[in-house]
1. Using helices alone, what [θ] at 222 nm do you get for the chain, with -39,500 (n - 2.57) per DSSP H run of 4 or more residues, divided over all residues and rounded to the nearest 500?
2. Roughly how many nanometres apart are two label points built 7 Å out from the Cα toward the Cβ at Phe39 and Thr78?
3. What is the order of Tyr170, Tyr70, Tyr159, Tyr42, fewest Cβ neighbours within 10 Å to most?
4. Students often forget the sequence filter, so: which aspartates and glutamates lie under 20 Å Cα-Cα from Lys227 once same-chain residues fewer than 8 apart are removed?
5. Find the relative contact order for the chain and round it to a whole percent, using C-alpha pairs within less than 8 Å whose residues are 6+ positions apart.
6. Rank the residues Met189, Met129 as a footprinting-exposure proxy: fewest other Cβ atoms within 10 Å of their Cβ go first.
7. Can you list the lysines whose alpha carbon sits under 20 Å from that of Lys230, skipping same-chain ones fewer than 8 residues off?
8. Taking 0.36 nm per residue of separation and subtracting the Cα-Cα distance, what length does fully extending Asn198 through His137 add?
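What follows is calculated from the coordinates using simple rules that are stated; it is not laboratory data. Everything numeric in this text was worked out from a predicted model, so none of it was measured. Cβ atoms come from the backbone with ideal geometry, glycine included; neighbour counts cover every protein chain shown.
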Amino acid sequence: MGISDVGRKLQDIVIASSDETSLSPLIAKRLLNFLEIDFSDYSLEDLASYCLVSPASLSRFIQKIGYRNYQEFKEAVTITRKRVHQESFDKQKEIYSSKLSLSENSKRYAELIRESIQTTELAIHPSQMDKICQQIHDNENIYLFGVHSSGDILRELQYAFLGLGKLVNYYDGRINQKEIANRIENDSMIIVLSVGGNFFRHISNWFFQLNFDNCQSVLITANKTFKLRKMFDEVIDLGVPSIQSTGIFQAQFLVDLLFARYRELYDNK
């Protein structure tokens, strides 16, 4: 994991912890609230005071999440802040033009979303969808992988299947997903949702722990050049989004259709 991923590391710690009294998630929460502040002039003691812990406890936490010392951690935070601001700026440029009115921007963005969903509509292969629906139906052990916006979609898919009495496994956050990846049984089904392929960049240290040799595997993505596609038995192509920001709408559209088709085929109620 790169030095600029400090924000994601902290988020994963918060998501993975169910113990509200544990020190690590408490420190992580305080640091996440602090990331927007330029604390390059803050000493270890200053930041420890903000986190309500001792300097020694904060130093141990920083080393625990992969940084050699406080100075390296501060450098990582600086890189993270710059990257997050740039990503936010790039997204703003994609979806909103200062030369247009709010109404005009709204129409433009809606049209880009429609175009992207139409691309997914044209990319769908009914026979492939039915095959995956059957695999889901026939398999007792199904594991869903994805984080951030993709994870939100998968969590809702898990709830939808539970409504039909079908258990599928989804765990929030990369830490929880890494732990479950080591325990996947043979003959299970693995479904990964990663619109642009960034999920794999963030889990490269444990991706190959997934039991590809003895499980059915499905990747849902819009990235046609992603080299790890060949690792999967089935790849559902979403089609290239009009802009990067609309890819998640394609994923939602596809997953909604997949569940609706499954329900039509296998829900006898």
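1. The per-residue figure over the chain is -17500 deg cm²/dmol.
2. Here the answer is 1.6 nm between the modelled labels.
3. Tyr159, Tyr42, Tyr70, Tyr170
4. Excluding near neighbours in sequence, the set is Asp213, Asp237.
5. Over the chain, the number comes to 19 percent.
6. Lowest to highest Cβ neighbour count: Met129, Met189.
7. Lys131
8. 19.1 nm
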